[in-house]
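Okay, so here's the structure we're looking at.
Read-outs throughout are calculated quantities, based only on the coordinates presented, and are distinct from any laboratory measurement. Predicted, not measured: the structure shown is a model, and the values here were computed from it. Heads up, the Cβs are rebuilt from the backbone with ideal geometry, glycines too, and the neighbour counts pull from every protein chain shown.
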Amino acid sequence: MQSLLFMLSMIVDVFWWFVIISVVLSWLVAFNVINLQNQFVYNIFNSLNAIVEPMLRPFRKILPDMGGVDLSPIFLLIILSTLSFFVRYELPRYLAG
């Protein structure tokens, strides 16, 4: 059971890093630091968006338009951090009895 909890915790952590990298990459593209004409950058950008965008979409529906500032990654990171804490500390105590 402990290995399953460890695996679940690692999956949540990987998603957390995907969100962080996706946000940083979108800033770099927006400020024209990196160019999407580069095939490698384009593939990474599209892959990360395909993973992260479905998780961000529900938050974008709920949150009001902030004039170009997207707060949905912050809320997703809070949810993922809470889930990670629950899986690492609370769930093992609950399962142990």
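Cα centroid separation, the range 74-97 to the range 46-68: 22 Å. Our Cα-only numbers for the chain put the radius of gyration and Dmax at 16.3, 55 Å. Among the chymotrypsin sites (Phe, Trp or Tyr not before Pro) within the range 1-87, those in coil by DSSP and having at most 14 neighbouring Cβ atoms inside 10 Å are PHE31. Pairs of C-alpha atoms in the range 36-81 farther apart than 15 Å represent 53 percent of all such pairs. The magnitude of the dipole of the range 2-96, with charges of +1 and -1 set on the Cβ of Lys/Arg and Asp/Glu and taken from the Cα centre, is near 140 debye.
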